[in-house]
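J.: Take a look at this one; I'll ask things after.
Throughout, read-outs are computed from the coordinates displayed, never taken from laboratory work. Please read all numbers here as calculations on a predicted model, not as lab measurements. Backbone-built Cβ (ideal geometry, glycine too); neighbour counts: all protein chains shown.
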Amino acid sequence: MIRWIIVVFLALLLISWLTPALQKLGFGRLPGDFRFKLFGRQMFIPLTTTILLSMVCALIAKFL
């Protein structure tokens, strides 16, 4: 159980560090990434970016 918590924490940390670099490459602005304002807050749902990055990670894992 503690191992999964550490893995999730490290994954979230890595994603938060890489987010600005990925946005400069165009991730987060793909068709299917939703941005909307709700109750005065801007919400962002990166659906297409998540699917694309998942496929890239799966390909990397397959070849390792």
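J.: Mind checking the angle between helix 47-63 and the chain's longest principal axis? C-alpha axes, 0 to 90 degrees, to the nearest 10.
T.: Tilt relative to the chain: about 20 degrees.
J.: Here is a follow-up. Angle, helix 2-24 long axis vs. longest principal axis of the chain, Cα atoms, 0 to 90°, nearest 10?
T.: Computed tilt is about 50 degrees.
J.: Count neighbours as other Cβ atoms within 10 Å of each site's Cβ, and list the trypsin sites (Lys or Arg not before Pro) in the chain that are DSSP loop with at most 15 such neighbours.
T.: The qualifying sites are Arg29.
J.: To continue, here is another question. Looking at the calculated P(r) for the chain, what percent of the C-alpha pair distances fall above 17 Å? Show your work: numbers first, answer last.
T.: Details: 1135 of 2016 pairs.
Everything past 17 Å amounts to 56 percent.
J.: Taking only DSSP H segments of four or more residues, each worth -39500 (n - 2.57), what value at 222 nm results for the chain once the sum is divided by all its residues, to the nearest 500 deg cm²/dmol? Write down the numbers at each step before the final one.
T.: Working: 2 runs with 40 residues, N = 64.
One gets -21500 deg cm²/dmol as the mean residue ellipticity at 222 nm.
J.: Which of the chymotrypsin sites (Phe, Trp or Tyr not before Pro) found in segment 18-64 are in a DSSP loop and have at most 13 neighbouring Cβ atoms, other than their own, within 10 Å?
T.: Phe39
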